[in-house]
Amino acid sequence: MKKITILNGDPGNRAYELDSYMGEIENLLESRGHEITSFVLRRMDISYCNGCWGCWVKTPGECVVRDDSAQICRSLIGSDFLLFASPVIMGFTSAVLKRACDRLLPVIHPYFEIVTGEVHHRARYEKYPALGLILERGADTDQEDIEIIRDIYSRMTVNLKSELRMMRFTEDSAEEVADAIDSI
Amino acid sequence: MRLTVFNGSNRGKASNTAILLEQFLAGFIEQAANEYETLYLIHEKDQTRCVEAFKEAETVLLAFPLYTDCMPGVVKTFIEYLEPLCGRDGNPALGFLVHSGFPESVHSHFVRRYLEKLSRRLGCRCLGTVIKGGSEGIRAQPERMSRKLFRLFFELGRIFGKTGQFDKKIVGQFARPVRFSKLGLLGARLGAKMGDMLYWNRLLKKHGAYDKRFARPYEPDKQ
Ligand SMILES: Cc1cc2nc3c(=O)[nH]c(=O)nc-3n(C[C@H](O)[C@H](O)[C@H](O)COP(=O)(O)O)c2cc1C
């Protein structure tokens with residue numbers, strides 16, 4: 001049994017199939033005994049990070065802006081697996097998802113450390129979830145877009161003290177995706 | 001030349017982005033016929049004014065800080081608003097400035113790939129991406145510590161104003177180090193320690209939060 005947090009970045013302004021697809025995945029994962037917390041980001045009150053560093057130097061570990069992003073940070077730290085889900089829009093995951101990702105800063109620590117020969121930040125917690133990504137391709141999405149997304153998310157996971165363990169598409173069957181998550 | 005500048009920092013007018021752009025633009029208007037307009041993405045209620053400005057622009061400079069190895073959310077919002085302009089005739093030439101807190105330019109290489117692909121997607125002639133690491137201290141430190149950097153940004157702007165190109169030599173200089181060498185890493189370790197002490201600890205103490213710096217408010221209860 002895994003604790004799984006899902007961040008659904010469907011902006012809801014178009015006929016994406018992501019919502020219904022994620023519904024299917026969530027049901028399947030629950031039926032296999034996993035505990036799911038799913039956030040539909042567009043329905044939440046999450047403002048843009050204002051870059052104040054308050055979460056590091058004023059109220060360490062918590063954003064000074066008290067909105068729904070705190071729920072995500074809490075759920076993430078309590079999870080074994082964090083699944084990002086988004087349509088590909090203009091070659092990248094949605095703005096709704098990126099805005100939420102910018103608000104994950106509280107879960108890491110300001111102090112610097114060298115990771116694989118590069119400067120990064122230190123962990124605040126002992127354990128971080130493994131990460132996965134589900135994409136719904138757009139009409140204009142090509143292989144280059146997918147590679148760029150994969151590479152940027154792989155780097156983002158270094159900062160989240162984790163690894164990108166899975167990347168799938170809404171063309172894949174829900175069983176396949178659930179199997180992949182089971183095996184992590 | 002008419003330049004339309006988009007400042008994509010979440011800190012808006014009080015950003016490092018704004019300080020770097022100020023130097024660049026001072027150089028840019030050395031050429032008497034040059035003019036520019038700056039829009040702050042974060043200060044806009046919705047992005048329609050920015051999209052209009054983009055549509056009418058001749059040359060665009062999109063500048064932002066690296067946020068989680070990519071563009072800040074507000075910049076992605078703006079990019080999504082540009083979708084209807086993909087492939088339209090008369091889109092502006094497009095240049096980028098990305099700067100990061102971390103000192104090496106490698107952190108920004110990935111978003112550069114994205115931005116250059118974005119130019120192609122929009123059908124904009126891409127003027128390239130200027131990358132500068134180690135930008136977080138700029139707005140906090142005394143101006144004299146940034147004198148050389150400011151001079152280079154002024155020069156970059158001046159040459160851009162004359163030629164419409166980013167000067168390769170200055171861009172190359174900003175890009176160093178791409179990564180630290182073995183020896184460089186020794187210095188970087190020391191720099192990291194200094195950063196912890198002189199930057200983070202100072203701020204933590206200023207806000208009376210030093211003793212709580214390792215707080216884990218979201219730690220699951222251990223039962
Ligand atoms: C939410 C957030 C995420 C950031 N992510 C990165 C990062 O991944 N890599 C990096 O080098 N700097 C990162 N930074 C640091 C900024 O790029 C740096 O502080 C920059 O100087 C801010 O510029 P501005 O004042 O123009 O906004 C991040 C800052 C914030 C607030």
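The values are calculated or read from the model by the stated rules, or taken from the named source; none is laboratory data. In this text, all values refer to a predicted model and were calculated from it rather than measured experimentally. So basically every Cβ, Gly included, is an ideal-geometry build from the backbone, and we count neighbours across all protein chains shown. Accessible surface is based on the protein model in full, side chains and every heavy atom, while ligands, DNA and RNA are left aside. Shrake-Rupley method; radii C 1.70, N 1.55, O 1.52, S 1.80 Å.
Take the residues of the stretch A:147-177 that are free of Cβ contacts under 8 Å to residues at least 12 places away in the same chain and within 14 Å of chain B (Cβ to nearest Cβ): which is nearest to B:L66 (Cα to Cα)?
As a first pass, look at the stretch A:147-177 and keep what is free of Cβ contacts under 8 Å to residues at least 12 places away in the same chain: A:147, A:151, A:154-155, A:172-173, A:176.
Narrowing the set further to residues that are within 14 Å of chain B (Cβ to nearest Cβ) leaves A:147, A:151, A:154-155.
Numbers: A:E147: 19, A:D151: 15, A:S154: 15, A:R155: 12 Å.
This residue is A:R155.
Is it fair to say A:S20 is open to solvent by less than 20 Å² (accessible area, probe 1.4 Å) and either of a type outside the set (A, V, I, L, M) or at the interface with chain B (Cβ under 10 Å from one of its Cβ atoms) (or both)? The answer is no for A:S20.
With the structure loaded, tell me whether B:T77 is within 13 Å of chain A (Cβ to nearest Cβ), assigned to a helix (DSSP H, G or I) and either more than 22 Å from A:L105 (Cα to Cα) or within 13 Å of the ligand (Cβ to nearest atom) (or both) or whether it fails that test. Spelling it out, it is not the case that B:T77 is within 13 Å of chain A (Cβ to nearest Cβ), assigned to a helix (DSSP H, G or I) and either more than 22 Å from A:L105 (Cα to Cα) or within 13 Å of the ligand (Cβ to nearest atom) (or both).
Considering every residue within the stretch B:138-149, establish whether at least one is open to solvent by less than 50 Å² (accessible area, probe 1.4 Å), more than 11 Å from every other protein chain (Cβ to nearest Cβ), within 11 Å of the ligand (Cβ to nearest atom) and closer than 30 Å to A:T116 by Cα. Yes, the conditions are met somewhere in the stretch B:138-149. Within the stretch B:209-221, the residues that satisfy the criterion of being at pLDDT 95 or above and open to solvent by 60 Å² or more (accessible area, probe 1.4 Å) are B:Y210, B:D211, B:K212, B:F214, B:R216.
Of the residues making up the stretch B:150-186, those that are open to solvent by 30 Å² or more (accessible area, probe 1.4 Å), touching a Leu at 6+ places or on another chain (Cβ under 8 Å) and outside any loop (DSSP other than H, G, I, E, B) are B:V171, B:Q173.
Cβ-Cβ contacts under 9 Å between residues 6 or more apart (or on different chains), taken from a first residue in the stretch B:18-34 that is within 16 Å of the ligand (Cβ to nearest atom) to a second residue that is among the aliphatic types (A, V, I, L, M) and assigned to a loop (DSSP other than H, G, I, E, B), are listed as B:I19/B:I138; B:L20/B:I138. Restricting attention to the stretch A:130-161, the residues that are hydroxyl-bearing (S, T, Y) and modelled with pLDDT under 95 total 1.
Scanning the stretch B:178-223 for residues that are within 30 Å of B:L94 (Cα to Cα) and more than 10 Å from every other protein chain (Cβ to nearest Cβ) yields a single hit, B:V178.
Would you mind listing the helices (runs of 4 or more DSSP H) fully within the stretch A:24-127 where at least 1 residues are open to solvent by 10 Å² or more (accessible area, probe 1.4 Å) and within 7 Å of another protein chain (Cβ to nearest Cβ)? Walk me through it before giving the result.
Numbers: elements: A:54-57, A:69-77, A:95-101.
In the stretch A:24-127, the matching helices (runs of 4 or more DSSP H) lie at A:69-77, A:95-101.
Of all residues in the stretch B:109-127, exactly one satisfies the criterion of being away from the ligand (no atom under 16 Å from the Cβ), in contact (Cβ under 8 Å) with a residue 40 or more places away in the chain and in contact with a helix residue (DSSP H, G or I) (Cβ under 7 Å, 6 or more places away or on another chain), namely B:L122.
To keep it simple, each residue is scored yes or no on (1) more than 17 Å from the chain's Cα centre (by Cα); (2) among the aromatic types (F, W, Y); (3) more than 13 Å from chain A (Cβ to nearest Cβ).
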site: B:Q47; (1), (2), (3): yes, no, no
site: B:K55; (1), (2), (3): yes, no, yes
site: B:T59; (1), (2), (3): yes, no, yes
site: B:P65; (1), (2), (3): no, no, no
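Taking first residues from the stretch B:147-161 that are of a type in the set (K, R) and partners that are not in a helix (DSSP H, G or I), the Cβ contacts under 6 Å between residues at least 6 apart in sequence or on separate chains come to B:R158/B:E30.
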